[in-house]
Amino acid sequence: MSTTPFDPYRPVAHLRPPRNWINDPNGLVFHDGHYHVCYQYNPYGNQHANMHWGHFRSLDLLSWEPLPIALSPTAGGEDADGCFSGNAVSDGDRMVAFYSAYREDRWSQPVTTAESHDGGRTFRPRGDLLIPRPPDGCTMYRDPYVWQDGARWRMLVGAALADGRGAALLYESPDLENWTYRGPFCAREPQDVTGTRARTGKGWECPQYLPADGGRGALIISAWNDHDGPQCVTALVGEVRDDSFEAGPPMLLDHGPDCYAPALLRAPGGRWLLWGWSWEARDDAWAAAAGWAGVLTLPREITLTDDGTLHQQPAAELRTLRGEHAVHATGTAHGPEPVDLGGVGRAFDLTARLEPTGQAGLRLLTSADGSEYLDIRLDPVAGELIVDRDRASLDARARGGAYRMPCPGGEPVDLRVVVDHSIAEIFLSTTGQALTLRCYPTGDGPWRLQARSAPGARLGYAVDAWELLPLVIKEPSADAAEPEGRSA
């Protein structure tokens with residue numbers, strides 16, 4: 001890809017094009033030996049407008065080839081004002097993309113398709129709508145998700161219902177062309193998400209279904225309200241009975257403020273991968289000046305465990321991105337003085353086993369005088385891991401806040417932390433929970449890690465950190481050049 005000026009906030013190991021706006025991951029599919037990752041993309045600017053599908057593919061999740069834009073709005077067509085979110089499936093020698101056809105003159109985003117017969121290099125849109133009208137009683141309708149279930153295909157479409165419930169609506173097909181509506185797969189009024197202040201929302205965007213053995217599965221939804229937009233990403237775990245999904249209470253899929261619209265990819269060997277969209281947590285004008293906005297999360301392996309929890313961890317391939325072994329430290333921190341563990345670069349991959357007595361944790365110092373830092377601390381009494389970015393940037397245009405996820409007390413805690421310039425993804429390895437946030441340190445000196453404990457507390461630690469190598473992004477072919485001549 002063409003060389004771009006150094007930007008201290010541009011991630012190097014997270015997938016995104018060199019410029020402009022991106023949001024939801026779309027069209028995630030393994031086809032003809034390649035992982036395909038598409039995404040909502042504005043090729044003309046860094047605002048949410050002119051929605052196309054950008055497109056990468058990879059043999060190994062480490063080296064990525066930019067392909068030509070997969071989907072573009074059709075002048076005067078059903079998708080004239082945008083090719084919005086959806087997914088793709090591999091069917092023999094073809095890839096079929098299902099997506100939301102957006103027009104400003106209608107409230108719904110009905111489903112349409114496009115096909116590729118050349119490995120995703122070009123897609124031919126069908127031209128009309130696959131499902132022309134939403135069912136009666138909908139006030140929101142968008143974001144198809146299609147998967148193969150035995151000899152049949154099933155589709156979920158995100159919806160809001162006139163009676164106040166968010167819903168994932170179910171369709172069924174023998175051939176990907178003729179679809180029969182089966183009714184709500186799952187529908188609920190807004191409710192509290194277990195153990196949090198979050199609520200599930202009046203509309204459900206980007207529904208995804210993760211099947212497991214014995215009819216069990218997890219329905220992943222992005223909760224949305226029409227008056228204030230995205231709320232959170234939640235998962236419902238349960239069983240399919242006939243054409244409905246009977247599930248328990250909602251749980252957060254990501255406990256951070258900066259992950260939304262995750263999408264699934266069914267990989268070889270029965271493995272499921274998940275990418276999400278991480279938006280900017282900084283002033284819009286600041287992002288506009290940078291010329292880019294949004295990044296995809298790391299690919300995560302996601303599994304539904306026997307006890308009904310969802311377990312997430314970075315894809316195993318990403319260990320190959322570990323470079324120099326920058327930190328190896330074991331010991332105990334107690335008393336008023338923190339323990340310096342060593343220096344790291346602006347992109348690193350860290351593993352830690354922490355044994356706290358009282359409040360204690362790790363601090364990433366990003367300024368020489370210690371005034372700017374990101375805190376990851378444990379409170380074993382409250383049973384929480386807290387990630388605090390209130391002092392992570394001295395620039396007032398960056399958002400702050402402290403975010404929590406449940407953490408078992410009274411036992412060692414295993415963490416995986418990946419920091420890549422302006423994005424941090426924290427994984428509780430024991431429970432499989434994840435937390436994603438953005439931060440924008442202003443310090444230009446070396447970064448350092450510390451182990452710290454509150455007065456009267458102790459922290460046993462074993463910490464290793466490696467410099468994080470960049471993804472390999474190949475130079476685009478001539479037919480993958482971006483379009484020109486249209487304003488944002």
Completion exercise
With criteria (1) surrounded by fewer than 18 Cβ atoms within 10 Å (Cβ to Cβ); (2) out of contact with any Pro (no Cβ under 9 Å at 6 or more places or on another chain), residue 334 comes up short on (1)
Problem - Residue within the stretch 408-417 that is among the hydrophobic types (A, V, I, L, M, F, W, C), within 20 Å of residue 255 (Cβ to Cβ), surrounded by 15 or more Cβ atoms within 10 Å (Cβ to Cβ) and in contact with a Gly (Cβ under 8 Å, 6 or more places away or on another chain) present - result: no
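Given the condition closer than 23 Å to residue 406 by Cα and outside the structural domain of residue 376 (by TED's automatic domain parsing), answer yes or no: does some residue in the stretch 279-296 qualify?
Looking for residues that are closer than 23 Å to residue 406 by Cα and outside the structural domain of residue 376 (by TED's automatic domain parsing), one finds none in the stretch 279-296, hence no.
Hey, which of the strands (runs of 3 or more DSSP E) in the stretch 329-379, taking only ones fully inside, have at least 1 residues that are among the acidic types (Asp, Glu)? Break it down into steps so the answer makes sense when it comes.
Values: elements: 339-344, 347-357, 360-365, 373-379.
Per the criteria, 339-344, 347-357, 373-379.
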Practice task
Output yes when any residue across the stretch 8-28 is over 20 Å from the mean Cα position of the chain (by Cα) and surrounded by fewer than 18 Cβ atoms within 10 Å (Cβ to Cβ), and no when none is.
Solution key: yes
Practice task
Only residues in the stretch 383-398 that are touching a residue at least 12 places away in the same chain (Cβ under 8 Å) and more than 15 Å from residue 415 (Cβ to Cβ) count as the first member; pair them with residues that are in a loop (DSSP other than H, G, I, E, B) and of a type in the set (Val, Ile, Thr), Cβ under 8 angstrom, at least 6 apart or cross-chain, and list the lot.
Solution key: 392/366; 393/442; 394/442; 395/442
Fill in the blank from the handout: Condition set in contact with a strand residue (DSSP E or B) (Cβ under 9 Å, 6 or more places away or on another chain) and among the charged types (D, E, K, R), scope the stretch 422-464, selection farthest from residue 361 (Cα to Cα): answer is 438
Problem - Failed item in (1) touching a residue at least 60 places away in the same chain (Cβ under 8 Å); (2) of a type in the set (A, V, I, L, M); (3) surrounded by 20 or more Cβ atoms within 10 Å (Cβ to Cβ), with residue 70 passing the rest - result: (1)
Exercise for the section: Please list, ordered by first then second residue, the pairs with beta carbon atoms under 7 Å, 6 or more apart or interchain, first in the stretch 40-66 and in the same structural domain as residue 284 (by TED's automatic domain parsing), second buried (at least 22 other Cβ atoms within 10 Å of the Cβ) and of a type in the set (Asp, Glu). Expected result: 40/24
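The values are calculated or read from the model by the stated rules, or taken from the named source; none is laboratory data. Treat the numbers as computed from the prediction; the structure is a model and nothing was measured. All Cβ positions, glycine included, derive from the backbone under ideal geometry; neighbour counts span all protein chains shown.
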